[in-house]
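What follows is one structure encoded as structure tokens, with my remarks underneath.
The values are calculated or read from the model by the stated rules, or taken from the named source; none is laboratory data. Please read all numbers here as calculations on a predicted model, not as lab measurements. Please note: Cβ atoms are built from the backbone with ideal geometry, for glycine as well, and neighbour counts cover all protein chains shown.
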Amino acid sequence: MTYSVKLEAFEGPLDLLLHLINRLEIDIYDIPMAELTSQYIEHLHAMRVLELDELSEYLVLAATLLEIKSKMLLPIHEEEALDEAGTFDLEEDPRDELVARLIEYKKYKEAANSLKESADDRAVHFTKLPEDLSGYGEVAVVESDEKLNVFDLISAFQKMLERKKLRAPLSASIMKSERSVSEKMDSIMTLLERLGGSCDFEALFDDGDIEDLVVTFLSLLELMKRMDIVVKQEGNFARMMIQVGTEDDNGNIE
Amino acid sequence: METLNDRMLGMLESFLFIAGDEGLTLNQLAVLLQTEKEIAAQTAEQLRQNYENRYDAGITVRMYGGSYRLVTKAEYADDIVRMLENPSRNSITQASLEVLAIIAYKQPVTRVEIDDLRGVKSDGPIQTLVAKGFVMEKGRLESSGRPILYGTTDLFLDRFGLESIDKLPPLAEDDEESFGDTDLFMTKFQEAFELTGEGGTNE
Amino acid sequence: METLNDRMLGMLESFLFIAGDEGLTLNQLAVLLQTEKEIAAQTAEQLRQNYENRYDAGITVRMYGGSYRLVTKAEYADDIVRMLENPSRNSITQASLEVLAIIAYKQPVTRVEIDDLRGVKSDGPIQTLVAKGFVMEKGRLESSGRPILYGTTDLFLDRFGLESIDKLPPLAEDDEESFGDTDLFMTKFQEAFELTGEGGTNE
């Protein structure tokens, strides 16, 4: 099978199953168990990076799939398929429970998407801090014995973080230069040239906030990818050095 | 000439301006405007319409989580983001979103119910959602172990642009196209037939 | 129809709305509106006239100390006083709740640290919280000026139904966004390393 997929991208075994059903264009109400089971297990094999307890969740479902598959292979006797009234007993499909679970899960997965959309719509509307009313007089303090909720504290804190983004931005940001990766790449190359072609890896991360650090890092990665630089380390725990990459005629890095 | 209605609208705008992102509930508006709730709601609606109809207005009224708020119009979002130093992105993982959706629709709900529905452990996402202020404990289930019941917060309604929890869009019912109950019945009927008829080669 | 001028006015209103009590200087306005200072000044003046001419407007533009700011119209001052007596439903204002959250999670903490975190002065809310008995002085920081350290009280624990301060639910302080970036960057880092290490066969 040439189909490859990023396994970490799945939110769990049900998510993986839904993905397979979708990709194989399977009718969820008429799942070919053998095919789905073998595809599912094939994917499990490919999951090298899963942690043990996560893997166990996937294995539980694999066992369920195998069980359903084997039940379906059992021949159904007519007398069992027909109940006393002579009608088909429709409750007997061994896939029913799995299908119900998948459908239920799918519903919430879709709901999650619509929540996301709604949050995106909301995010284009900005608001402002409440005005300071102290200029109008003393703010009334109502005494009461009512129980307060500790989760209100969290909400208050989160609102504050959000607001902070709206504060100070205007004046500061207008002049602030973009911390773009391409600019940083240029400045790293300039620095390397100035230092004679190599420098200590850590020296590039001396200052700056997390965003700066991330930009520096991404710039290094991009430079490595373009083979403009190479990162060298003599041994474990040794200092990493950054060097200007020199290409030989074959385009390989020296 | 200023009319009584103009004055009401002006007052409302000044109140909402002062309240900022805290917003004001309909009850609070009625008290502040010294009028009936119904009139307060009508005035808020008229203010909204005025904003929407005025092309030179940069702001409008929205209700989130039961509170009216003044907000900037969507059309200026790009210009505003340009001026913000740290424009907030909606950064929430797919796992957290799934858990949030389950809690929003099924609340109050226990962790075990969430785990069962997703087929994976959801401790991590639940903790993240609590820490982000979208989810809170809403008491405990009176059963063995007294598990915590989770529900959503007002902050959730605000950040997800919902007027109230009743205004969540309805959950998708089972795929309409392939499935009304009759269809389901027919398919199952056929399946059963094929299964018996062909000796269980249905794979 | 929306005209170019309408759009400029709307943009201006939305910028001033967000800028709040810090306002925006003419220079900033020109940059934000991407126009000449002269045009920016004219637009601001037109916005002011529009507000003044509209009897249903509750707000207007003022220039203080070189900054343009949106403010409520003077005629609503008496009505706004009513907001003082109408604090939010929790009988504790959002500002106080914010300060309380900071003190609860960061204690012991100085006023300056609280101000920094919030980006606004917090004397008022701190006083209120001390008066309510939720917050108390917990000594002084051994540094210049020996600022007061604030912490929460037993009454705080009682009112919020907490057994002890360790029972506060964990809080997400950084945006997932920054975590996300770090993760992204670790992933990229690993990828890049594998790439150089294995000669780009990592696909």
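How many residues are facing chain C (nearest Cβ under 10 Å), part of a helix (DSSP H, G or I) and of a type in the set (Gly, Ala, Ser) if we restrict to the range B:1-42? Selection size over the range B:1-42: 4. Of the residues that make up the range C:145-155, is at least one without any contact (Cβ under 8 Å) to a residue 24 or more places away in the chain and either at the interface with another protein chain (Cβ under 7 Å from one of its Cβ atoms) or on the phi > 0 side of the Ramachandran plot (or both)? Yes, some residue in the range C:145-155 is without any contact (Cβ under 8 Å) to a residue 24 or more places away in the chain and either at the interface with another protein chain (Cβ under 7 Å from one of its Cβ atoms) or on the phi > 0 side of the Ramachandran plot (or both). Every condition in (1) of a type in the set (S, T, N, Q); (2) within 8 Å of chain C (Cβ to nearest Cβ); (3) out of contact with any Asp or Glu (no Cβ under 7 Å at 6 or more places or on another chain) is met by B:Ser91 except one, and the failing one is (3). The helices (runs of 4 or more DSSP H) located wholly in the range A:169-250 that include 3 or more residues which are modelled with pLDDT of 70 or more and either within 14 Å of chain B (Cβ to nearest Cβ) or farther than 30 Å from C:Gly119 by Cβ (or both) occupy A:181-194, A:210-225. Screening B:Leu33 with (1) within 19 Å of the chain's Cα centre (by Cα); (2) under 15 Å from B:Met11 (Cα atoms) gives one miss only, at (1).
What is the one condition in (1) hydrophobic (A, V, I, L, M, F, W, C); (2) farther than 20 Å from B:Val71 by Cα; (3) touching a strand residue (DSSP E or B) at 6+ places or on another chain (Cβ under 7 Å) that B:Ile39 does not satisfy? So the condition that B:Ile39 fails would be (3).
Within the range C:44-60, restricting attention to residues that are among the hydrophobic types (A, V, I, L, M, F, W, C) and within 12 Å of chain B (Cβ to nearest Cβ), the residue that is nearest to the chain's Cα centre (by Cα) is C:Ile59. Scanning the range B:105-127 for residues that are without any contact (Cβ under 8 Å) to a residue 40 or more places away in the chain and assigned to a helix (DSSP H, G or I) yields a total of 14. Only one of the listed residues (C:Ala77, C:Ala44, C:Ala57) is surrounded by fewer than 17 Cβ atoms within 10 Å (Cβ to Cβ), closer than 29 Å to B:Leu4 by Cα and small (Gly, Ala, Ser). That residue is C:Ala77. Kindly establish whether C:Arg82 is basic (Lys, Arg), within 12 Å of chain B (Cβ to nearest Cβ) and in a helix (DSSP H, G or I). Yes; evaluated as a whole, the condition is true for this residue. Considering only the range C:115-130, how many residues are of a type in the set (A, V, I, L, M) and over 13 Å from C:Leu97 (Cβ atoms)? Count: 3.
Is it the case that C:Ala101 is out of contact with any His (no Cβ under 9 Å at 6 or more places or on another chain), within 11 Å of chain B (Cβ to nearest Cβ) and over 25 Å from B:Val31 (Cα atoms)? For C:Ala101, the condition - out of contact with any His (no Cβ under 9 Å at 6 or more places or on another chain), within 11 Å of chain B (Cβ to nearest Cβ) and over 25 Å from B:Val31 (Cα atoms) - is met.
Among the residues of the range B:65-79, just one is part of a loop (DSSP other than H, G, I, E, B) and without any contact (Cβ under 8 Å) to a residue 24 or more places away in the chain, namely B:Lys73. Being over 29 Å from A:Leu148 (Cβ atoms), free of Cβ contacts under 8 Å to residues at least 60 places away in the same chain and not charged (D, E, K, R) is a property that does not hold for B:Ala131.
Against the numbered list (1) more than 7 Å from chain B (Cβ to nearest Cβ); (2) at pLDDT below 90, A:Leu98 comes up short only at (2). All but one of (1) in contact with a helix residue (DSSP H, G or I) (Cβ under 9 Å, 6 or more places away or on another chain); (2) farther than 24 Å from A:Leu129 by Cβ hold for B:Leu4; state the number of the condition that does not hold. Checking B:Leu4 against (1) in contact with a helix residue (DSSP H, G or I) (Cβ under 9 Å, 6 or more places away or on another chain); (2) farther than 24 Å from A:Leu129 by Cβ, the one that fails is (1).
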